[in-house]
Amino acid sequence: QVQLVESGGGLVQAGGSLRLSCAASGMIFSLQTMGWYRQAPGKQRELVAAITSLGITNYADSVKGRFTISRDNAKNTVYLQMNSLKPEDAAVYFCSAAWGTKVDWGQGTQVTVSS
């Protein structure tokens with residue numbers, strides 16, 4: 001059974017940092033394209049960052065230079081290092097795992113940024 005469990009969310013002041021983690025199980029992790037998405041109240045879910053099985057990354061323009069996605073295949077875990085956080089980064093952050101047409105999602109972790 002596929003499981004994606006996010007952790008690391010919380011409350012941080014603007015300008016601060018958080019590191020999100022997503023632990024995966026029930027899949028061949030190294031083959032997955034892993035992603036972080038976010039959804040703020042009243043808005044659509046949007047891609048924040050993704051990393052392929054080969055380690056190729058891409059980022060939303062709004063987070064380039066501030067966020068870094070990485071993965072540890074030995075730990076079946078993907079990370080999102082978030083620096084210089086802004087109030088507009090506040091959202092529920094979701095981890096995703098994609099392989100072919102199959103996409104699995106975690107339950108999400110809340111990130112709140114106070115100004």
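The values are calculated or read from the model by the stated rules, or taken from the named source; none is laboratory data. Only a predicted model underlies this, so the values are computations on that prediction, with no experimental measurement involved. Here Cβ is always computed from backbone atoms with ideal geometry, including for glycine, and neighbour counts include all displayed protein chains. The protein model used for the area step is the full one, side chains on, heavy atoms only, and it has no ligands, DNA or RNA in it. Shrake-Rupley method; radii C 1.70, N 1.55, O 1.52, S 1.80 Å.
Tabulated results
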read-out: Every residue from the stretch 88-115 that is of a type in the set (Gly, Ala, Ser) and either open to solvent by less than 20 Å² (accessible area, probe 1.4 Å) or at pLDDT below 95 (or both); value: ALA91, SER96, ALA97, GLY100, GLY106, SER115
read-out: Number of positions in the stretch 30-44 that are of a type outside the set (Gly, Ala, Ser) and outside any loop (DSSP other than H, G, I, E, B); value: 7
read-out: Filter result (under 23 Å from PHE29 (Cβ atoms) and assigned to a strand (DSSP E or B)) within the stretch 100-115; value: LYS102, VAL103, ASP104, TRP105, THR109
read-out: Residue within the stretch 44-61 that is without any contact (Cβ under 8 Å) to a residue 12 or more places away in the chain, under 21 Å from THR101 (Cβ atoms) and surrounded by 12 or more Cβ atoms within 10 Å (Cβ to Cβ) present; value: yes
read-out: Residue within the stretch 2-9 that is more than 15 Å from TRP105 (Cα to Cα) and of a type in the set (A, V, I, L, M, F, W, C) present; value: no
read-out: First in the stretch 100-114 and over 17 Å from ALA40 (Cα atoms), second anywhere and surrounded by fewer than 18 Cβ atoms within 10 Å (Cβ to Cβ) and of a type in the set (Val, Ile, Thr), Cβ under 7 Å, 6 or more apart; value: ASP104/VAL2
read-out: Selection count where residues are surrounded by 12 or more Cβ atoms within 10 Å (Cβ to Cβ) and either more than 15 Å from the chain's Cα centre (by Cα) or more than 12 Å from TRP105 (Cα to Cα) (or both), scope the stretch 34-43; value: 2
read-out: Elements of type strands (runs of 3 or more DSSP E) contained in the stretch 45-99, each with 2 or more residues being acidic (Asp, Glu); value: none
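Table: residues versus (1) exposed (fewer than 13 other Cβ atoms within 10 Å of the Cβ); (2) under 18 Å from GLN110 (Cα atoms).
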site: CYS22; (1), (2): no, yes
site: ILE28; (1), (2): yes, no
site: GLY65; (1), (2): yes, no
site: ASN76; (1), (2): no, no
